[in-house]
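Structure first, commentary second.
FYI, it's all coordinate maths here, none of it is from the lab. Please read all numbers here as calculations on a predicted model, not as lab measurements. Using ideal geometry, Cβ is built from the backbone for each residue, glycine included, and neighbour counts are taken over all protein chains shown.
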Amino acid sequence: MLTAHFKQALALVAERARRLFGSPRANTPTNNIEHLALDLLSERGEATSMARADAIVGLYGSLSKEQRELFHLFLAVNFLPEATRLKAAARAYLNAPSPETVAELALASEPPRHELIRRMNVAPGATALLVRMREELLASLDQQPELKPLEQDLRRLLASWFNRGFLTLKRIDWSSSAAVLEKVIAYEAVHEIRGWDDLRRRLAPDRRCFAFFHPALLEEPLIFVEVALCQGLASKIAPLLSASAPIDDPTRADTAIFYSISNCQPGLRGISFGNFLIKQVVEELRAELPGLKQFATLSPIPTFRRWLNQQVDSEPPAAALDINWASAERVNPAIKTTLQRLLATYLTASNGGKGPDDPVARFHLGNGARLERLHWAANLSPRGLAESLGMMVNYVYEPRSIEDNHEQFVAAGQVARSSEIDDFVKRPSRNGNGKHNGREQHAVSSGSV
């Protein structure tokens with residue numbers, strides 16, 4: 001199973017081992033786990049394979065960070081496709097393209113590492129281990145690019161094992177297990193949950209929280225969304241997050257506001273669940289509460305201020321927009337209007353067919369939502385001010401137009417938007433041509449428009 005590159009790879013691994021252990025590797029845990037991996041790949045008996053896989057999982061958990069890195073390197077630089085078979089398959093396909101030669105080329109080009117990882121995954125706890133392994137690899141790639149083949153293989157396999165057909169949507173409420181509730185507090189990535197009282201309010205009768213789970217990670221949410229049931233579009237985040245806010249009757253709500261979506265497993269980064277989650281939650285809510293007529297978000301714009309600082313290159317970033325946000329509602333209307341127009345321009349940019357750069361915008365627009373409304377002074381938390389100068393936006397999910405919006409965005413970066421957003425984009429700037437000129441940039445940065 002090992003290729004002609006094995007000697008070179010083994011020398012690299014051995015050198016790292018000498019630096020790590022300062023002695024021969026004969027009895028090191030890393031050496032043991034490498035031998036177990038080789039045995040597992042060559043093993044044919046099911047019971048013995050299970051025992052080998054279980055031993056690898058147990059031993060991996062006992063390794064130090066440095067020893068894990070050494071094992072990752074061993075997996076990454078070995079277990080390549082067999083060169084002779086691959087060359088023969090490639091020649092056969094080039095000489096006579098057919099379903100049979102394509103199939104042989106696919107088999108010949110698959111690295112044995114795939115089969116090794118699949119065999120490892122039969123052990124209890126192995127799926128969680130492989131997710132954690134990829135998390136570590138993603139954090140190491142800048143310093144160790146040679147680990148990329150292993151990371152890519154893990155991503156392909158995890159994407160298959162975590163496809164939508166294996167996921168279960170569950171509502172999280174106050175009766176959910178303590179383990180799950182603790183993880184919701186820990187994993188909340190958009191609006192921090194400040195303890196149990198805060199969580200209790202977010203799970204009150206006028207709130208909903210839904211998560212995807214996988215059978216191999218029973219009490220580990222993969223992604224969850226928090227929803228507020230209210231009347232009309234929400235324009236400020238503070239009332240939705242207040243632990244002391246009065247609880248409304250959910251049956252009177254006409255709008256579901258998705259105000260936080262958190263991915264929980266860094267090792268599954270790049271494997272998308274969010275689009276499935278929102279669409280299924282919409283269906284769940286429509287079935288439970290027929291009075292709901294509108295499904296929308298109250299979303300941050302995490303990259304707007306950074307973009308604006310890049311536009312205002314005549315001033316240092318720290319000086320940009322020196323505004324007294326304690327009285328944000330009384331800010332000079334010209335400043336407010338200019339910033340809203342700049343935000344609308346940023347969020348509707350086609351960028352040569354790619355669409356806007358903001359990741360939250362790309363997520364919702366790519367899912368078929370419509371950019372509906374901008375809100376001034378919507379999030380005056382330190383994070384909200386640092387990222388978007390306190391502004392937030394609504395994206396509306398309208399079932400009958402989701403597919404068309406998605407197709408237009410993917411094909412040409414075209415942003416579905418309301419007439420209100422159009423008005424901001426088309427509003428004349430100070431130079432009259434729809435572009436912010438140097439005077440306007442300086443005025444915005446100094447707060448003197």
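R0 = 30 Å: FRET efficiency of Glu403 with Asp142, Cβ-based, nearest 0.05? Display every interim value, and only then the final one.
On the way: r = 38 Å, r/R0 = 1.27.
E(calc), rounded to 0.05, equals 0.20.
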The answer for the net charge of residues other than Lys148 whose Cβ lies under 11 angstrom from its Cβ, with Lys and Arg +1 and Asp and Glu -1, is -3
In debye to the nearest 20, the charge dipole size for the stretch 167-312, taken about the Cα centre with +1 at each Lys and Arg Cβ and -1 at each Asp and Glu Cβ, equals 420
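For the chain, report the convex hull volume of the alpha-carbon atoms normalised per residue, in Å³, without decimals.
Values: hull volume 93.9 nm³, N = 449.
In the chain, the Cα hull volume divided by residue count equals 209 Å³.
Sort out the exposed loop GluC sites (Glu not before Pro) in the chain (DSSP loop, at most 14 other Cβ within 10 Å) and tell me the longest stretch that has none.
Working: sites that count: Glu192, Glu219.
Looking at the chain, 220-449 is the longest stretch - no exposed GluC sites (Glu not before Pro) with at most 14 other Cβ atoms within 10 Å.
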Taking every DSSP bridge whose two residues both lie in the chain, the antiparallel percent to the nearest 5 is 85
In this structure, among Lys279/Lys354; Lys183/Lys293; Lys65/Lys170, pairs with alpha-carbon gaps over 29 Å are Lys183/Lys293; Lys65/Lys170
Exposure-ranked with fewest Cβ neighbours within 10 Å first, Arg201, Arg85 stand as Arg85, Arg201
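Quick one: dipole size for the chain, taken about the Cα centre, charges +1 on Lys/Arg Cβ and -1 on Asp/Glu Cβ, in debye to the nearest 20. Please report the intermediate quantities before stating the final value.
On the way: 53 positive and 51 negative charges, 125 e Å.
Here the chain has a charge dipole of around 600 debye.
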If the chain between Asp173 and Ile247 were fully extended at 0.36 nm per residue, the gain over the current Cα-Cα distance would be 25.1 nm
Fewest-first ordering of Asp39, Asp197 by Cβ atoms within 10 Å yields Asp197, Asp39
Once both label points are put 7 Å beyond Cα along the C-beta direction, the Ser418-Ala159 separation in nm becomes 3.6
Per the helix-only model, the chain has a calculated mean residue ellipticity at 222 nm (DSSP H runs of ≥4, -39500 (n - 2.57) each, divided over all residues, rounded to the nearest 500) of -15500 deg cm²/dmol
log10 I(q)/I(0) for the stretch 223-277, Debye formula on C-alpha points only (no solvent), q = 0.22, 0.27 Å⁻¹, two decimals, reads -0.89, -1.10
Over the stretch 165-297, the quotient of the Cα radius of gyration and 2.2 N^0.38 Å is 1.00
Scoring the chain by relative contact order with C-alpha pairs under 8 Å, at least six apart, yields a percentage of 11
The local net charge around Val184, scoring Lys/Arg +1 and Asp/Glu -1 for residues other than Val184 whose Cβ lies under 15 Å from its Cβ, equals 0
Hydrophobic long helices for the chain, i.e. whole DSSP H runs reaching 24 angstrom or more by Cα along the axis with Kyte-Doolittle mean at least -1.0, come out as 46-62
Taking 0.36 nm per residue of separation between Val425 and Thr84 and subtracting their Cα-Cα distance, the length gained on full extension comes to 116.8 nm
Taking a crude spin-label model, label points 7 Å out from Cα along the C-beta direction, the Ser109 to Glu46 distance in nm is 3.3
Here the gain from full extension of Lys65 to Arg286, 0.36 nm per residue of separation minus their alpha-carbon distance, amounts to 74.8 nm
Listed with the fewest Cβ neighbours within 10 Å leading, Lys183, Lys426 appear as Lys426, Lys183
For the stretch 6-161, the convex hull over Cα atoms projects on average to an area in nm² of 10.4
